[in-house]
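The values are calculated or read from the model by the stated rules, or taken from the named source; none is laboratory data. The model shown is predicted, which means the values in this text are computed figures rather than measured ones. Glycine gets a Cβ as well: all are built from the backbone with ideal geometry, and neighbour counts include every protein chain shown. Just the protein is used for accessible areas: all its heavy atoms, side chains included, with ligands, DNA and RNA removed. Shrake-Rupley method; radii C 1.70, N 1.55, O 1.52, S 1.80 Å.
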Amino acid sequence: MLVKLTSVAHVGLSSVPVDVEVDVAAQGFPGFTIVGLAGKAVEEARERVKTAITNSGMEFPGKKITVNLAPADLPKDGGAYDLPIAVGILVASGQIRSSDAVTNAVFYGELGLSGDVRPTKGVLLVGLFAKKHRIKEIFVPRDCAPEAMVVDGITVYAVTNLRDLVAHVMGSTPLSRLKRKREAEGEGDLVEFDLSDVAGQEQAKRAMLIAAAGGHNLLMSGPPGAGKTMLARALPGILPPLIRTEALEVTRIYSVAGLLPSGTSLMHTRPFRSPHHGISAAGIIGGGSNPLPGEVSLAHLGVLFLDEMAEFPRSVLESLRQPMEDGVVSIVRVGAHVSYPASFTLLAAVNPCPCGYLGHPKRPCTCSEKQVRKYRSRLSGPILDRIDLHVLVPAVETEKLSAGPGEKASSKTVREAVIKARAVQEKRFAAEGLYTNSQMRNKHVKKYCELDSETHRLLKLAVETYDLSARGYFRLIKIARTIADLAGNSLVTSTHMAEALQYRSSM
């Protein structure tokens, strides 16, 4: 008997329907064959499915079983096909009857040897696929079911084990339909540091405010112990929560990467990724035989923090150039070409020289001129040109270290200003599909950043004085636009441009 069920394969963040065709032949030598360009994990499903069916109190047919995963030219990998294969075998062998619950639904999940349905990557994408193809019901692992519950218009069945699923299909004990509930948005999870904990560094704090408000890249340079890392770790506390459309984008990436916390439906906190400088280019960009998202994509709509940026391999830093410009990363492999979004804010910290004390008021630098040049050359011109804000984080004076809290702005206060500025940008770009000023293309800059004659003269002088590139020219205007938003001004004035310029002058 031949039975056909529906499952899903993920290619990047796109989902492709997979027909799971199961045939249990009345004649022929007993065997279990899986065809359809199946990967190693799918091939191993033969043992998992056989044992799961037996341990669930059902009979595994001692006949010739052929499973075809169509389309045949699409590579399949992972354990998500275990559940549809097991159900198909039980239907084809006559142990459970075929019904609309089988033929008009999507099955997705990995089986354990006991028959339990294990958590499986990409369940949110399954829900989005079902809605797009007007499939009303999906059967997914219980632990991952909340992911699919954010998708309206579908019925999600959370499957604990194969035995419960069979009872549902047979009509004896129906599975309960999960009730859709809306999660409260996060109001700022616990962070390592509050901005008020950082002594001094008012200019760096101002630069962080601008970076958070407009999604601009920021480079902090200063000696060891000045507070660069502490400032960076305080940044999550001033970032606004993800709006629903942003949360859905980020959650899709974490779902397909298998990094979404169990029981979570939507991510509301912006990602903050801080990879070690020993990371490879594939780790930062993404890769593998079945390409998975890298750190730049996991930081989408959030922050990618590179501490001691100059210590990262040159190949890793240069691989950031394309995603920093385009907001997307494309990974090409034999038989696979996938794209992942990568619109992140780059936050980097560097020392001024190898020993870290060049220009320090009290400690002498031990580096030669050649060593300093070599150290600084690790950051190429094209990378530095893509960083909007450059700020010096000097050594903190003793008086500031011992001073009391005073009137230091807390992260909560700064966050309120960021949220207000982001709301202005959200309204401005409602018809453009953009979220922040940093995402503007040149055409958007000309449309939304009107400059008066005085501001134009200042900008022209800055280009001539600092020899700014065309990219630097437009990025300077974007920064000024964010500063104007923070000030509550609809027009970009020379005052805003002058402040923006001081963050580019150190290039």
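Kindly list the residues of segment 61-88 that lie in the label zone of LYS40, defined by a backbone N under 12 Å from the point 7 Å along the Cα-to-C-beta vector.
78
What's the extension gain from LEU74 to LEU113 if we count 0.36 nm per residue and subtract their Cα-Cα distance?
11.3 nm
With an 8 Å Cα cut-off and a minimum separation of 6 or more residues, compute the relative contact order for segment 2-178 in percent.
Averaging sequence separation for qualifying contacts and normalising by length gives 22 percent for segment 2-178.
With only Lys, Arg, Asp and Glu charged, each at its Cβ (+1 for the first two, -1 for the last two), find how big the charge dipole of the chain is about the Cα centre; round to the nearest 20 debye.
520 debye
For the Cα atoms of the chain, what angle does the longest principal axis make with the long axis of helix 123-132, in degrees from 0 to 90, nearest 10?
For helix 123-132, the angle is close to 80 degrees.
Can you run phi through the Karplus equation (6.51, -1.76, 1.60; θ = phi - 60°) for segment 211-218 and list ³J(HN,Hα) in whole Hz, with x for Gly and Pro?
Once θ is set to phi - 60°, the couplings for segment 211-218 become 4, 5, 6, x, x, 8, 6, 9 Hz.
Based on DSSP loop calls and a cut-off of at most 14 other Cβ atoms within 10 Å, the longest stretch of the chain free of exposed GluC sites (Glu not before Pro) is what? Working shown, then result.
Values: sites that count: GLU44, GLU59, GLU183, GLU185, GLU187, GLU192, GLU397, GLU407, GLU432, GLU450.
For GluC sites (Glu not before Pro) (loop position, at most 14 other Cβ atoms within 10 Å), the longest site-free span of the chain is 193-396.
On C-alpha positions alone, give me the angle between the axis of helix 453-466 and the longest principal axis of the chain, in degrees, nearest 10.
Here the helix axis deviates by roughly 90 degrees.
DSSP beta bridges in segment 248-372, what fraction antiparallel, as a percent rounded to 5?
55 percent
Round to a whole number: what % of the accessible area of segment 2-178 belongs to carbon and sulfur, probe 1.4 Å?
Taking all protein chains in place, segment 2-178 shows 50 percent carbon and sulfur surface.
Can you work out the FRET efficiency for the pair VAL463 and ASP152, with r the C-beta to C-beta distance and R0 = 51 Å, to the nearest 0.05?
So the FRET efficiency works out to roughly 0.55.
Note the full-extension length gain between HIS337 and GLN322 as 0.36 nm times their separation in residues minus their Cα-Cα distance, in nm to one decimal.
Length difference between fully extended and current span is 3.8 nm.
If you stretched the chain out fully between LYS420 and LYS131, how much longer would it get, using 0.36 nm times the residue separation minus the C-alpha to C-alpha distance?
So the chain would gain 100.6 nm between LYS420 and LYS131.
List the residues whose amide H sits under 5 Å from the amide H of LEU346, counting only those 5 or more places along or on another chain, with H placed 1.01 Å from N in the peptide plane.
When sequence neighbours closer than 5 places are left aside, the close amide H contacts are ASN217, LEU218, LEU304.
How much FRET efficiency would the formula 1/(1 + (r/R0)^6) give for PHE29 and LEU178, where r is the Cβ-Cβ distance and R0 is 30 Å, rounded to 0.05?
FRET efficiency, PHE29 to LEU178: 0.10.
Size of the dipole of segment 2-178 about the Cα centre, Lys and Arg at +1 and Asp and Glu at -1 on the beta carbon, nothing else charged, in debye to 20?
Computed charge dipole of segment 2-178: roughly 180 debye.
A 20 angstrom limit on the alpha carbon distance is what I want to check against. Which of LYS40/LYS121; LYS205/LYS412; LYS63/LYS121; LYS446/LYS478; LYS4/LYS179; LYS40/LYS131 exceed it?
Where the Cα-Cα span goes over 20 Å, the pairs concerned are LYS63/LYS121; LYS4/LYS179; LYS40/LYS131.
To the nearest 10 degrees, how steep is helix 411-428 against the longest Cα principal axis of the chain, on a 0 to 90 scale?
70 degrees
Pick out, in residue order, every one of the trypsin sites (Lys or Arg not before Pro) in segment 219-285 that is DSSP loop and has at most 15 other C-beta atoms within 10 Å; say none if there are none. Working shown, then result.
Details: sites: LYS228, ARG233, ARG244, ARG252, ARG273; in loops: none.
Here no loop site has a sparse enough neighbourhood.
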